[in-house]
Structure formats: structure tokens, C-alpha cells
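S.K.: Below: one structure in C-alpha cells.
Throughout, read-outs are computed from the coordinates displayed, never taken from laboratory work. What you are looking at is a predicted structure, and each value in this text was computed from that prediction instead of being measured. For neighbour counting, all protein chains shown are included, and Cβ atoms are generated from backbone atoms with ideal geometry for every residue, glycine included.
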């Protein structure tokens, strides 16, 4: 601000002494900031008054800005001058707030021991404004530090003023920030957003388009400069202006553009602002197709009485300690679990607080709560089962037993290791595109992004009172052990919805299940409703013609066949370079894989499997089958290898799964060849789907 030239030289001293304020909570940064401000001021004043005496900057406070407004200064008797500055600042009529607020929605895990501070008053303001106006199921990300900064700053300038923030750009188009966007449009008269891109949570071509990270290695998030204006004399609120910096720019090119533009006026001069009119969903960018709302929703947990296709669904299993509870080798898994249980139970006896030791245990809020409740952990071999961890990669999982952070509705979907079920797992992603994959095993939360899983069946524990009734119920099936009753997950209302659409057809709930799987692979559907699918769960249209319904349903069955049986389908006959040997001459050790790789970045027709084996003549069209932003083949390449968890040192070796579970050292090689087949067959089915005629 001092260097900007906005403050006239004859007003600079007054501003410096009375009207410029800064807060910093980290002591070293506080001193550095203070020295920087003082140095800049005196440099600016040299040209005006060379004989000016040194004047310390008294507008800086050692404080947590948010906490200043929550409670009184706890160290006022120790830092008397600082306390006086805090009180003075709080009482001032502040009209301009500028900054680069930190962004953190919370610690990665309880092991970080760095949870966000709670601010009861500020957080309540967010709940009664941004959260209340949101239609998102989860609004926990609204407690991100930078969103707190926006809420605090808007309240602090009251009805007149300007906020200038450089922050994470997520709130511009994320689903969870719809209520925030509504409030911004209501509270501010003019809103300017200069989007600097740089989202490195994307992949492939999209990542290259996003360009360089504005803060270098400091953040993978996209960045936006926002200037928010409250003008009480404005005739209309919510005038939103947006400017995108452009595709494929390096960090240096972006910074140069920012320096050249200097101000809002310069973007106005080049006619660079796009005016945004929010839609009914409070979307600003990539606005949804409203016709989407006419279709039946696949599921809805917020509006309990709405018409839905699936009566229940679940996120995948979130462990928050994958290294400990997932493993290719069952014996290693048992050893890891027993070690961490032993560490936990000793800690429970010896200490009042969880001991943070990332080599021994992965803490999460649920495990901390268990610890605080003085509840022991006990190993139970029944909790070991197979899981689908990532696309086309199975693992042994220790499920439950106090070591799964969030089980979701999985106990109703896969109550036992023997319970048969299918789930359509899908992800809503603004960065990697919509994705879907079927599973017959417990899916991990991050199977494909944050996986929402829609099952064919739901299981309920069988009670003695209703056993007799079950004998006469055609809609229910008891499991072999008699402990669970199995029901269809597709609702009766959902079945009727489709039966009414095709009154001459005999349609089952299973037919609808596979219709959904087929339809969600439709490139027509994904393209037409791309903006909807980044922000809300799919809605399922009824196609016009019954024959198209059956084509989608059959395609869904065929796709499910390839995606579920990928370990047993015929391997693609790619050329194998075995160093002059034949397959029969190779020993088990020759198939050991540590990391598959391409010989060159763009040479994807060849994969170096290991030192003994190279796969050649891979059809490039096989890479067209993409799951969660990456081709199925590249998922196999990434996951079939050896990885070491950096904190615990736990090694997970895909070759263990090959030998111990599959009984075949060649499994990783054959898996790659089989997934070529799966990919080619998938794309053949997808490209032959009927045109989406609704």
C-alpha cells in the first residue's frame, strides 16, 4: 500500500502513524513485517523529507486477527503496548482490508497435531450465512481459513469499504461454496475476480492448461485475486466481473501479466471483464443445464422425501491410515495391525494423551475419540477382507475394529466378507472429470476421487421378530448364515418411475441398475451435463424409446462383465520382448516388478515392465479408457509395483498379492495385458451406445 503511489506524499506520514494496520501471529514474521514496513516508509519519505527522523511503525499487532474479536487479550499484562494497539485497532472504523489469507480446511490427519483453531463467533457467522444458504450435503470446507477471512473481513468493513484478497480460487466454482457465492453477491455491490489458474490437482492436458503455480512449490491450489466492494450508494448489489489469465502460462508469464495490468482499470481498458449473472443454483462459472433437474435423482440424503432411484448409498471406506490397514500381503497386514494395536493399548495405559508417533500409528479424530473414551483395541481376523483400493487394484483390508475412520453405510452394503453385492462407484470432480466404476468388493474412499457408491442390494440384520415374515417376502433374501436380510437398493418408487415410462415392457430393478451403469458411460450424457456433474449427483433420464433403454441396460451388463472380471479375461497379445528367452524359460523372479515405466514420456506403445521384460506394440487406443483422470493402463502401471510409506516405513509390495493371493508371479504382467483387453472392449461398447434421446 505504501509503495503503490495511491497515498499522496503529503498524507503518507498521517496514514503511516494512524490509518495503516497489520496483524501477525508468528513472532519472527511479526518482527520481519515491522522492519519491512518501517524501511519502505522511510524510503518513500526520503524524496519528500531527507531529514526525517526514524519513526517506528506502531500499527502492527502481535495477534490472531480472528481471535481478537472472540475474547479479551489473555496477555495484556505481559505485552502492555501490544494490548493497547489491539484495543485501538478494534475500536477503529476500518474500511480497507488487504491480504493473502492462509488456506487450510483442516489438518491432513490427527498425526499433524495442527488442527485449525475454533472461533465460535466467526464460525457461527459462517453457519448462519454461507452454510445456511448452501445446498451441499457437506459444508465442512466452509471453515477453511481463507473463507473465515472473507466472512470476517465482510463483517469488519460493515456496509462500506473494499476487500482485496489473493486466495485459493476454490470458492469460485466449488459445490460446497454455493451459499458463500450467494452471500457475496448479496453483500457486495461490485465484485472483481482475476483468476490466475494453476490448479495442480488436475492431470494430463488439463494440468498443462492450468499452467504454473503462482506461489511456486507453496501450493497446488488455483489462485484468484478478488476485489470486493461495498458501496452503500450503489443502485444494485451483486455486479460480478470475471477475468481469466489464460491457458498454458508459466508462473513467470502470469506474474508478468499481473505486473503489466497493475489495476482493475487496465483490465477494463482491454475489455477483459466478463459479466457474470448467477443462476438459480448460485453457480457463477460452468453453469448447470436446468433440464437436468427434471430427471429422477440417483440419491438424495438432504431431502428425505424426494423421489430417488437408490434408497441408500455410501462414500467408500475412509481409513485415514491406509499404510497400516491396506496390504498386498495378508501376513504383513496382520503384523502391522497387531503392532499398531499394541502401541495404542500401551499408550492408553501409560498416557492421558494420544502419543504422536507416525512410525507406529496413524491417528484420526475417530481414533482420538476412542482413546479419550478409554476404549481398547482388539485384533479380530474376521475384519480382514478383500477391497478394491484403486482402479484395477485389489488389496487386503482390515475393515472396522476401531481402525477405520469412517465406514459410512458399508456395513449395510458389504456386512460380511461373504456378502455378495455390486456397487456403482462414481466421483464428482471439477478437476478430473466425471468418472464411474463398478465393484463387487468394499471400495476405498479414494477409489475414484471421493467415491459415492450406489449398491444393487442393501443388507439389514435379521431380527427374530420378523423372521417369519421374511419367509413370505419375495423382495427379501436371507444370507447363508441367516444373520442378514438382503433387499433391493433401488426404490419401489424408482422402479415405478421406469415402468411408467415404458408401460409395455417388463423391467426389473436389476435392469435399471445396469441401465444406470450404461448411461453413466454415455459420452453424450457426460458432455451435455458436464457442468451439472461437477456439482451434484447424477440425475437419471428415461430415454424416449424402450429399445434404447434396453441397449443402455445391456451395455451396462457388458461393461460390468469387463470391469468386474478384469483378472480372468483373455490377455491382449502384445509383443513381449524377453531378452531372447521364451516365457517358459523365465523363472518367478523374472516377473518381479518394482515400477513399470514408458521408455519416453510420449512413447506409450511400449512399457518397460522390468529389466527382463518389455511390452511392445500396445494399441494406443487402449489409453482412451480413462478412469478418474488417468487411463486404466496407467493405473495398473502406477499400482503394480513396490511402494514405501514415508512416515511409517511400511512397504506394500504388489508382487505379494500376485504370489500369495493369486498364486501367480506373472499376475502383474498378465493384469496389464488383460486391462488392454478391458480398455479396448470398454471403448467399443461406449462408442456404440445409442445417441442420448430424452
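S.K.: Compute the normalised compactness of region 314-543: alpha-carbon radius of gyration over 2.2 N^0.38 Å, N being the residue count. Mind dumping the intermediate values first?
M.R.: Details: Rg = 20.6 Å, N = 230, 2.2 N^0.38 = 17.4 Å.
Region 314-543 yields a ratio of 1.18.
S.K.: Further, regarding this structure: Compute the helix-to-body angle for 251-261: its Cα long axis versus the longest principal axis of the chain, expressed 0 to 90° and rounded to tens.
M.R.: Taking the Cα atoms of the chain, the angle to 251-261 is about 40 degrees.
S.K.: May I ask you to sort 117, 317, 593 by Cβ crowding, counting other Cβ atoms within 10 Å and putting the fewest first?
M.R.: Ascending Cβ contact count within 10 Å gives the list 117, 593, 317.
S.K.: Kindly rank 226-237, 269-280 from highest to lowest mean number of other beta carbons found within 10 Å of each residue.
M.R.: Averaged packing, sorted descending, gives the order 226-237, 269-280.
S.K.: Among 508-514, 296-302, 46-52, 253-259, how do they line up by average Cβ neighbours within 10 Å per residue, starting with the highest? Write out the running numbers ahead of the final one.
M.R.: Values: 508-514: 20.0, 296-302: 16.9, 46-52: 9.3, 253-259: 13.9.
Order by mean packing, descending: 508-514, 296-302, 253-259, 46-52.
S.K.: Quick check on the exposure proxy: order 651, 325 from fewest to most C-beta atoms within 10 angstrom.
M.R.: 651, 325
S.K.: If you rank 183, 61 by fewest surrounding Cβ atoms within 10 Å, what's the result?
M.R.: 183, 61
S.K.: Using 20 Å as the cut-off for backbone N distance, which residues of region 41-73 belong to the label zone defined by a point 7 Å from the Cα of residue 6 along Cα→Cβ?
M.R.: Inside the label zone: 41-45, 58-61.
S.K.: Something else now. Kindly state, to the nearest 0.05, the FRET efficiency for residue 416 paired with residue 463, given R0 = 25 Å and r defined as their beta-carbon distance.
M.R.: The computed FRET efficiency comes out at 0.90.
S.K.: At R0 = 22 Å, how high is the FRET efficiency between residue 19 and residue 186 if r is their beta carbon distance? Nearest 0.05 is fine.
M.R.: According to the calculation, E is roughly 0.15.
S.K.: Next up: Once the Cα atoms of helix 546-564 and of the chain are each reduced to a long axis, what angle between those two axes, in degrees from 0 to 90 to the nearest 10, is obtained?
M.R.: Tilt relative to the chain: about 90 degrees.
S.K.: On to the next question. Report the FRET efficiency, 1/(1 + (r/R0)^6), for residue 620 and residue 409, where r is their Cβ-Cβ distance and R0 is 35 Å, rounded to 0.05.
M.R.: Taking R0 as 35 Å, the efficiency between residue 620 and residue 409 is 0.30.
S.K.: OK, next. For helix 178-187, report the angle its Cα long axis makes with the longest principal axis of the Cα atoms of the chain; keep it between 0 and 90° and round to the nearest 10°.
M.R.: Relative to the chain, helix 178-187 is tipped by roughly 20 degrees.
S.K.: By how many nm would the segment from residue 138 to residue 81 grow when fully extended, if each residue of separation counts as 0.36 nm and the alpha-carbon distance is taken off?
M.R.: Answer, rounded to one decimal: 16.2 nm.
S.K.: On to the next question. Express as a percent, rounded to the nearest 5, the fraction of DSSP beta bridges in the chain (both residues included) that run antiparallel.
M.R.: Counting only bridges with both partners in the chain, antiparallel ones make up about 80 percent.
S.K.: Right, something else. If the chain between residue 207 and residue 567 were fully stretched, how many nm would it gain, using 0.36 nm times the residue separation less the Cα-Cα distance?
M.R.: 126.5 nm
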